Structure formats: C-alpha cells, structure tokens
Amino acid sequence: MIYTWWALTAAHDFFSVIFICILRWDEPHEWPPLFGSLSEAYSLRRFWGVFWHSLNRSLADAYLPLACLCLGLRGNKNTIHPALRALWVFFFSAVFHAAANCAQFGRPNMAKEMKFFMANFAVCHAETV
C-alpha cells in the first residue's frame, strides 16, 4: 500500500509540475491532492471514501447507468441507492485491478481481486448500516 501511495503521489506531483509550471496548460486548483488525510481514515469506509484516491470513481459512475440497465434496474446515477452505487465501484475496481495485474504480472487473479473488494464492500456496508 505504501508503494502504491508513493508511486501515485509521485506521478501526480510530477505531472502537475509539468502541466502547471512548465506547459502552463492547467491551474493549481485543477490538480487537487489524490489522497485525503490519513487521520480521517478511522474506519474502513472512511479509508476508501475519504483517504484513498478516487481515480476510478468518476469512471465507474459514468458506466453505472449501463450496468443498471444490464441488470434490469431503472434509474440513473443520481437515483440509484448509495449501497448499489458503492457495490458497483468496488466491483469495477476489482475488474480493473485484476486486468492490471494480468497485464503487469501475466497472472489472471480475478477471483482473489473479487474476494478482496467484495469483502471490503461488505465491511463498509456493515459500518453504514
């Protein structure tokens, strides 16, 4: 986890310097920090929702209506129950982490990723209820 935090933060900082200071294409407010304060992560739900990066959250939200349509559910991303929305984000994360691990290490591990992310969803949901 520390390596991931470091790598993502370093890449974010590097590219923010390029796009803000060198190319002058962006403003500093367009590059908010990727991670929140670790002191705010006092539960698993707050770890994922407040501290950890949300890089895939908007992408997952964009495909939420399509996923609901495939499941026969009506509504859009604003009317879907928050628990279903969170389930979708965790599922989406599992699929993308498995794909990245397969591409990087050559081992498909969808079952392990799915178990990890679905267990995290279950604990976060239990904290909410």
Go through Trp5, Trp31, Trp88 for me and flag whichever is hydrophobic (A, V, I, L, M, F, W, C) and in contact with a Leu (Cβ under 6 Å, 6 or more places away or on another chain).
Trp88
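A quick yes/no check of all residues on (1) under 18 Å from Trp5 (Cα atoms); (2) in contact with a helix residue (DSSP H, G or I) (Cβ under 9 Å, 6 or more places away or on another chain):
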{"site": "Glu40", "(1), (2)": "yes, yes"}
{"site": "Tyr63", "(1), (2)": "no, yes"}
{"site": "Ala67", "(1), (2)": "no, yes"}
{"site": "Val89", "(1), (2)": "no, yes"}
{"site": "Ala98", "(1), (2)": "no, yes"}
{"site": "Ala103", "(1), (2)": "no, no"}
{"site": "Met110", "(1), (2)": "no, yes"}
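Please note which helices (runs of 4 or more DSSP H) are completely contained in region 26-129 and include at least 1 residues that are within 27 Å of Ser16 (Cα to Cα), of a type in the set (Val, Ile, Thr) and under 14 Å from the mean Cα position of the chain (by Cα).
Numbers: elements: 57-70, 82-105, 110-128.
Helices (runs of 4 or more DSSP H) meeting the threshold: 82-105.
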Report yes if some residue within region 55-65 is of a type outside the set (Lys, Arg), surrounded by 14 or more Cβ atoms within 10 Å (Cβ to Cβ), closer than 30 Å to Ala10 by Cβ and modelled with pLDDT of 90 or more; otherwise report no.
no
If we scan region 8-27, do we find a residue that is touching a Phe, Trp or Tyr at 6+ places or on another chain (Cβ under 7 Å), outside the structural domain of Ala94 (by TED's automatic domain parsing) and aromatic (Phe, Trp, Tyr)?
yes
Can Tyr42 be described as modelled with pLDDT of 90 or more, closer than 25 Å to Phe116 by Cβ and of a type in the set (Phe, Trp, Tyr)?
yes
When you go through (1) free of Cβ contacts under 8 Å to residues at least 24 places away in the same chain; (2) farther than 19 Å from Val123 by Cβ one by one for Leu59, which number turns out not to apply?
(1)
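The values are calculated or read from the model by the stated rules, or taken from the named source; none is laboratory data. None of the values given here were measured: they were computed from a predicted structure. Ideal geometry is used to build each Cβ from the backbone, glycine not excepted, and the neighbour counts take in all protein chains shown.
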